[in-house]
Structure formats: structure tokens, C-alpha cells
Amino acid sequence: MGEPAIDVEAPDPSTLLDELFSGLWVIAARDERAGVSYYAATRVDACDARRAALTLREREVLTRALLGEANKAIAISLGVGRTSVTTLLTRARKKLAHRVPECVLRALLRARAHCGKQ
């Protein structure tokens, strides 16, 4: 599978990432051309979005994990136990399962960093 293409000219990567984490969008289709994956997203109804939204702590832990930080390092930097990090990651991934592939989130995080936004 190719690397996802993120159009940085579209809504900025931080906005896209926040809305995916908030459960406002779901990946509806995927197409691959010339080794590049393209994803189409669709807006989710407000009730479904609230159920699927990640908590602030789940977002923080998942973001760090997607950027390659080890669970132990995440736990130390946040002042929580490693078991808590594992639990938060499990919950976040369960909420995002079948909605947003992690490769899309990683690509958005890289695009956001490229744009200079944290």
C-alpha cells in the first residue's frame, strides 16, 4: 500500500486531524494510483460523532504513539503509568477502528509538522 496523499492546500492538516479525532469524518473510500493512496471522507452525523470522539488524553497519547514515541516515554512525559498509556491507546484505536486508517493520521501529523503547526 502506498503512502497516503494529503492535499496540504485543502483545509489545513491540523483542522483535518482535529475533525477526524472528533469523530466528524469517516474514511469512506480508498483508491491507489501510481503507488499513492487517496482517501475520500464523508461527514458523520452529530450523535455518531460524539460517540466516536477521542478524549483530549486519548488524542495526546495516540498522537505521540503515531509519531513513534514509546509507551514508556509517553507515560513518563505525561506522568501516568505505562498501563494507562496502553489503555488509552486501546480505547482510541477502538474508537477510530474502521473509520480512519492510522496511516492517514500519520500522514496528517507529518503534514501538520511540515506546515509548522503543533
Legend entry - So LEU89, is it of a type in the set (A, V, I, L, M), closer than 18 Å to ASP18 by Cβ and out of contact with any strand residue (DSSP E or B) (no Cβ under 9 Å at 6 or more places or on another chain): no
Inset, instruction - Kindly list the number of the only condition in (1) at pLDDT 90 or above; (2) of a type in the set (A, V, I, L, M); (3) exposed (fewer than 14 other Cβ atoms within 10 Å of the Cβ) that fails for LEU67. - result: (1)
Inset, instruction - Kindly provide the set of residues from the range 10-29 that are at pLDDT 75 or above and either touching a Phe, Trp or Tyr at 6+ places or on another chain (Cβ under 6 Å) or among the basic types (Lys, Arg) (or both), ordered by number. - result: GLU19
Inset, instruction - Please work out which one of (1) closer than 15 Å to LYS94 by Cβ; (2) free of Cβ contacts under 8 Å to residues at least 24 places away in the same chain; (3) among the β-branched types (Val, Ile, Thr) is the condition VAL61 fails and give its number. - result: (2)
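One residue is enough: does the range 68-91 have a residue meeting the conditions polar (S, T, N, Q) and closer than 20 Å to ALA113 by Cβ?
Here is the first cut: in the range 68-91, the ones polar (S, T, N, Q) are 71, 77, 83-84, 86-87, 90.
Next cut, closer than 20 Å to ALA113 by Cβ only: 77.
Yes, the range 68-91 contains a residue that is polar (S, T, N, Q) and closer than 20 Å to ALA113 by Cβ.
The values are calculated or read from the model by the stated rules, or taken from the named source; none is laboratory data. Nothing here was measured: the structure is a model prediction, and the numbers come from that model. Here the Cβ is made from the backbone with ideal geometry for all residues, glycine too, and neighbour counts use every protein chain on show.
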